[in-house]
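Undergrad: One structure follows; several queries about it will come next.
The values are calculated or read from the model by the stated rules, or taken from the named source; none is laboratory data. Everything numeric here is computed off the predicted structure, so don't read it as measured data. FYI the Cβ positions are ideal-geometry reconstructions off the backbone, even for glycines, and counts take in every protein chain you see. Ligands, DNA and RNA are stripped out before the accessible areas are found, and what is left, the full protein with its side chains, is counted by its heavy atoms. Shrake-Rupley method; radii C 1.70, N 1.55, O 1.52, S 1.80 Å.
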Amino acid sequence: MYVFANKNRQLYAVDRESGTFEPRGGEIRLEGGEDPVDMEIRAEGIVLIAPQNLVILGRDGQVKKQVYYPAPQLSGLLRALHGINAVRAGLYGAAASAYGDAFADASRRATDATSKQITGQLATAYTEGGAQLQGYARQSAAMATRRFKASLTVPSSVFMLTKSPEGKGNVLLQVDKVSAEPRARIDLGKDKEPVYAVDDISGMLFLRTGPGTVVGYRL
């Protein structure tokens with residue numbers, strides 16, 4: 001049995017009977033900060049699949065082929081704005097949480113019921129507000145580095161959304177699991193979040209091109 005450990009990016013061979021294991025090959029680093037989300041054992045070797053990466057290994061853990069197709073990104077201006085919002089919301093959230101802690105402490109030390117109730121309510125309001133702002137900060141930070149991904153695995157290939165090699169718009173590539181080479185491409189124009197499905201039996205890809213419209217492509 002083969003296992004890939006994302007933590008140290010290492011392939012291991014595991015003996016099912018004894019439970020012992022040993023590393024195979026060296027560190028396998030995927031581009032774009034990705035980790036494999038799927039692994040297949042094929043006649044040609046071991047295939048590691050990530051949304052934008054495909055790696056073919058020998059059973060000795062040596063890389064035979066590796067390809068990376070970067071996903072389209074938000075524009076630089078939008079990423080910058082989301083980054084600024086993330087910092088601002090994070091600071092406001094931290095301040096609100098600090099006020100919430102202070103009022104909670106005051107509520108615990110209050111001697112009369114009215115003061116305890118008021119400071120308790122203020123503590124709850126500030127704490128909840130801080131949590132909401134911190135959540136918004138995490139969301140904005142994620143948007144700042146967001147990449148549009150679309151990958152779907154079928155027995156012989158995997159589909160990846162990437163920028164057009166010509167630099168205009170985006171394409172959906174069908175990448176072969178044996179050669180790691182593109183077998184087919186579908187031009188998507190500006191579409192960064194395609195809705196599609198693959199029928200591997202009939203060799204067709206169906207793409208929604210508009211409301212109520214589906215186009216079929218023979219692969």
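Undergrad: Among the residues of segment 204-215, count how many are open to solvent by less than 40 Å² (accessible area, probe 1.4 Å) and out of contact with any Lys or Arg (no Cβ under 9 Å at 6 or more places or on another chain). Step through it out loud before you land on a result.
TA: Step one: filter segment 204-215 for residues open to solvent by less than 40 Å² (accessible area, probe 1.4 Å), giving 204-205, 207, 210.
So of that shortlist, the ones also out of contact with any Lys or Arg (no Cβ under 9 Å at 6 or more places or on another chain) come out as 207, 210.
Adding up the residues that qualify gives 2.
Undergrad: Oh, and also: Among the residues in segment 43-58, are any of a type in the set (S, T, N, Q), in a strand (DSSP E or B), modelled with pLDDT of 90 or more and within 29 Å of K190 (Cβ to Cβ)? Show your work before the answer.
TA: Taking segment 43-58 first, the residues of a type in the set (S, T, N, Q) are 52-53.
With the extra rule that they be in a strand (DSSP E or B), the set shrinks to 53.
Narrowing the set further to residues that are modelled with pLDDT of 90 or more leaves 53.
Going one step further and asking which of them are within 29 Å of K190 (Cβ to Cβ), we end up with 53.
Yes: one or more hits.
Undergrad: Does segment 58-72 contain at least one residue that is open to solvent by less than 40 Å² (accessible area, probe 1.4 Å), out of contact with any helix residue (DSSP H, G or I) (no Cβ under 6 Å at 6 or more places or on another chain) and under 17 Å from S157 (Cα atoms)?
TA: Looking only at segment 58-72, we keep the residues that are open to solvent by less than 40 Å² (accessible area, probe 1.4 Å), and these are 58, 61, 67, 71-72.
Next cut, out of contact with any helix residue (DSSP H, G or I) (no Cβ under 6 Å at 6 or more places or on another chain) only: 58, 61, 67, 71-72.
Narrowing further to those that are under 17 Å from S157 (Cα atoms): 67.
For segment 58-72, residues open to solvent by less than 40 Å² (accessible area, probe 1.4 Å), out of contact with any helix residue (DSSP H, G or I) (no Cβ under 6 Å at 6 or more places or on another chain) and under 17 Å from S157 (Cα atoms): present.
Undergrad: Consider segment 24-45. How many of its residues are farther than 14 Å from V63 by Cα and in contact (Cβ under 8 Å) with a residue 40 or more places away in the chain?
TA: Result for segment 24-45: 4.
Undergrad: For segment 188-219, which positions are farther than 24 Å from S156 by Cβ and not in a strand (DSSP E or B)?
TA: Of all residues in segment 188-219, those farther than 24 Å from S156 by Cβ come to 189-193, 209-213.
Result: K190, D191, K192, E193, P211, G212.
Undergrad: Hey, among the residues in segment 159-174 that are open to solvent by less than 20 Å² (accessible area, probe 1.4 Å) and within 19 Å of the chain's Cα centre (by Cα), which one's nearest to L207 (Cα to Cα)?
TA: Residue satisfying both the conditions and the ranking: L172.
Undergrad: Among the residues that make up segment 20-35, is at least one of them under 22 Å from S156 (Cα atoms) and assigned to a strand (DSSP E or B)?
TA: Within segment 20-35, none of the residues are under 22 Å from S156 (Cα atoms) and assigned to a strand (DSSP E or B).
Undergrad: When segment 2-26 is examined, which residues are found to be out of contact with any Asp or Glu (no Cβ under 8 Å at 6 or more places or on another chain) and more than 24 Å from V178 (Cβ to Cβ)? It would help to see each step written out before you state the result.
TA: Kept after step one, since they are out of contact with any Asp or Glu (no Cβ under 8 Å at 6 or more places or on another chain), are these residues of segment 2-26: 2-5, 7, 11, 14-20, 22-23, 26.
Within segment 2-26, A5, K7, V14, D15, R16, E17, S18, G19, T20, E22, P23 qualify.
Undergrad: Among the residues of segment 165-219, count how many are closer than 25 Å to L48 by Cβ, small (G, A, S) and modelled with pLDDT of 80 or more.
TA: Number of matching residues: 3.
Undergrad: Oh, and also: Could you tell me which numbered condition S140 fails, if it satisfies all but one of (1) modelled with pLDDT under 75; (2) closer than 30 Å to M39 by Cα?
TA: Of (1) modelled with pLDDT under 75; (2) closer than 30 Å to M39 by Cα, only one is false for S140: (2).
Undergrad: In this structure, is A180 of a type in the set (G, A, S) and surrounded by 14 or more Cβ atoms within 10 Å (Cβ to Cβ)?
TA: Numbers: of a type in the set (G, A, S): yes; surrounded by 14 or more Cβ atoms within 10 Å (Cβ to Cβ): yes.
Criteria met by A180.
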